[in-house]
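What follows is calculated from the coordinates using simple rules that are stated; it is not laboratory data. Please read these numbers as outputs of a predicted model, since none were measured by experiment. Reconstructed Cβ throughout: ideal geometry from the backbone, glycine too, with neighbour counts over all protein chains shown.
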């Protein structure tokens with residue numbers, strides 16, 4: 001449920017506001033996988049294959065860490 005609701009919301013808002021002539025691409029999405037389940041890895045890999053998103057698995061702060 002934690003993964004499905006945000007994905008559904010992204011789909012809904014993408015369908016509503018994505019009607020322009022140019023499609024969005026490379027929108028960075030931070031992913032924090034706290035489980036080692038197969039379904040979580042599959043969701044992340046599916047997001048990574050979509051042209052609209054760029055999965056970010058690590059984020060550096062302003063201090064470089």
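Each residue in 44, 39, 27 was given a count of other beta-carbon atoms within 10 angstrom of its own, and listing them fewest first yields 39, 27, 44. Set the Förster radius R0 to 22 Å, insert the Cβ-Cβ distance between residue 8 and residue 57 as r into 1/(1 + (r/R0)^6), and round the FRET efficiency to 0.05. The calculated FRET efficiency here is 0.45.
Between residue 38 and residue 15, take the C-beta separation as r, use R0 = 30 Å, and let me know the FRET efficiency to the nearest 0.05.
After rounding to 0.05, the efficiency reads 0.60.
Annotation for residue 31 and residue 46: the two label points, set 7 Å from Cα along the Cα-Cβ direction, are 1.1 nm apart.
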